[in-house]
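Okay, so here's the structure we're looking at.
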Amino acid sequence: MVSSNVGVLISFAVYLVFMMSIGWIFYKRTKNLSDYILGGRGLNTWVTSMSAQASDMSGWLLLGLPGAAYLAGMEAAWIAIGLAVGTYLNWKFVAKRLRKYTEIAGDSITLPDYFENRFRDDSRVLRIVSALFILIFFLIYTSSGFVAGAKLFSTVFNFSYQVALLIGALVIIIYTFLGGFMAVSWTDFFQGLIMFFAVLVVPAAAIIRGGGLNATGSAIKDINPELLDMFSKIDGSPIPIIVVISSLAWGLGYFGQPHILARFMAIRSADNIKKARWIAMVWVVISLTCAVVVGIVGRAYLNATPLAAGTEETVFMVMVNATAPPFIAGILLAAILAAVMSTADSQLLVTSSAISEDFYKVLFRKKASQKELVWVSRLAVIGVAIIAYVIGLDPDSSVLRLVAYAWAGFGATFGPLVILSLTWKRMTRNGALGGIIAGGVTVIAWKQLSGGIFDLYEIVPGFILSVSAIVVVSLLDKKPAKEIGDEFDSVSAA
């Protein structure tokens, strides 16, 4: 086992010390809440693009997606296609305008802050309802990161699941607590590089050891030729259209993910968006392709000792153990921790910002100082992490299942709202509120049902009903005030 090898432990220790050091550096530089939550809008192009995608992909890139491909073969590629298309559309049509609009609309530093300023909602209802849904879905999402970390530590070092869960949670808490947004973004940049390296090297090493592309392809066909067919299930039957739609619909989720949208808001200049988009797209397309390849090649490489039922999400880790020398294995396995940390830290930060900026400041301490709000955010990181830890205590938790639920929640709750608030001048405050509630409640309710049409991924009905609610309520509502329309036009002219 890798767990007995000192080389792996040394690699992990060096990596963790490096991440903690970044947290300490930015702890010393954090002066106010804007620094802690949005880095003072000072991200450069490379850090923006890499941190956005690293925080996007999370542990499921190296656990959930390879596990799905290990089980279902090329059927898993439909999810990857949906995500790649969604990534491009988000960067192309949302990023630049959101960067401009959030600065013009009262220098908004969180999504609820932007919604309130965009629609001049003096009642604060829109902000509070938005923050509430952020809290609900990020608790689930953050828990998925802790679960992925627990699976890593328990598989590699033979720790019990509960001990592994605690270790992973503590590491993430410490540097998020200390450094805030800039620490999270810079660690995500380095973690994105590590993830990219790992997802390229592991399948390549397995293919070389398996005798090359032709030999590996033949081995996969000998196991089941349907593993290489995007249009059929592994039993040879056609993939149902509802499965294809559900998989592609993952791409809809991008428009409503607060931790990704925060990177757009924080880039130094809107003019840097185009370059950042292409860096992000290269990373995403290659990483998603290789993640699917890991799972499929893993079926052939591990055919002599196949993974036990329920452990499919460990295929990347097992292949690292089988193909890499100890010290390199430690670096490659650290990529999983990087994937986990790069998302969980971002989620913790956005959730804590919702608590400090959208609950504490609005409901309890309207005149709270910047220093006080920073410390409330830091304490919120700990509180949210504890709840996410409790949610993740079940060792049978699936990373992909938890991520899918939270992804759908954010995509349906905020995606239509973000898109239409940036592009539709006639949209109103009540329309925005209706969209949030319709999308969020639909996802939660749909998730509890199954069979027939309810097997459709919950983001699809949630997104459709959210768009419908926004449009219908806005058209029935009175037109927005002139100052709101003028501000909308000024963003286009900026």
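Numbers below:
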| item | result |
| --- | --- |
| Scan of the range 218-245 for residues that are in a helix (DSSP H, G or I), within 32 Å of the chain's Cα centre (by Cα) and under 14 Å from Val293 (Cβ atoms), ordered by number | Ile220, Leu227, Leu228 |
| Matching residues in the range 320-334 - criterion: being touching a Gly at 6+ places or on another chain (Cβ under 6 Å) and surrounded by fewer than 23 Cβ atoms within 10 Å (Cβ to Cβ) | Pro326, Phe327 |
| Hey, Ser269 at pLDDT below 90 and hydroxyl-bearing (Ser, Thr, Tyr) or not | yes |
| Some residue of the range 415-438 being closer than 24 Å to Gly392 by Cβ and either in contact with an Asp or Glu (Cβ under 9 Å, 6 or more places away or on another chain) or surrounded by 23 or more Cβ atoms within 10 Å (Cβ to Cβ) (or both) | no |
| Wholly enclosed helices (runs of 4 or more DSSP H) of the range 57-120 bearing at least 3 residues free of Cβ contacts under 8 Å to residues at least 24 places away in the same chain and crowded, with 24+ Cβ neighbours inside 10 Å | none |
| Filter pass, Ala262 being more than 21 Å from Thr142 (Cα to Cα) and at pLDDT below 90 | no |
| Hits in the range 447-463 (condition: surrounded by 19 or more Cβ atoms within 10 Å (Cβ to Cβ) and outside any helix (DSSP H, G or I)) | Tyr457, Glu458 |
| Among the candidates Ser474, Ser490, Ser466, residue that is over 28 Å from the mean Cα position of the chain (by Cα), under 18 Å from Val125 (Cα atoms) and either in a helix (DSSP H, G or I) or modelled with pLDDT of 95 or more (or both) | Ser474 |
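The values are calculated or read from the model by the stated rules, or taken from the named source; none is laboratory data. None of the values given here were measured: they were computed from a predicted structure. Neighbour counts run over all protein chains shown; Cβ positions are idealised from the backbone, glycine included.
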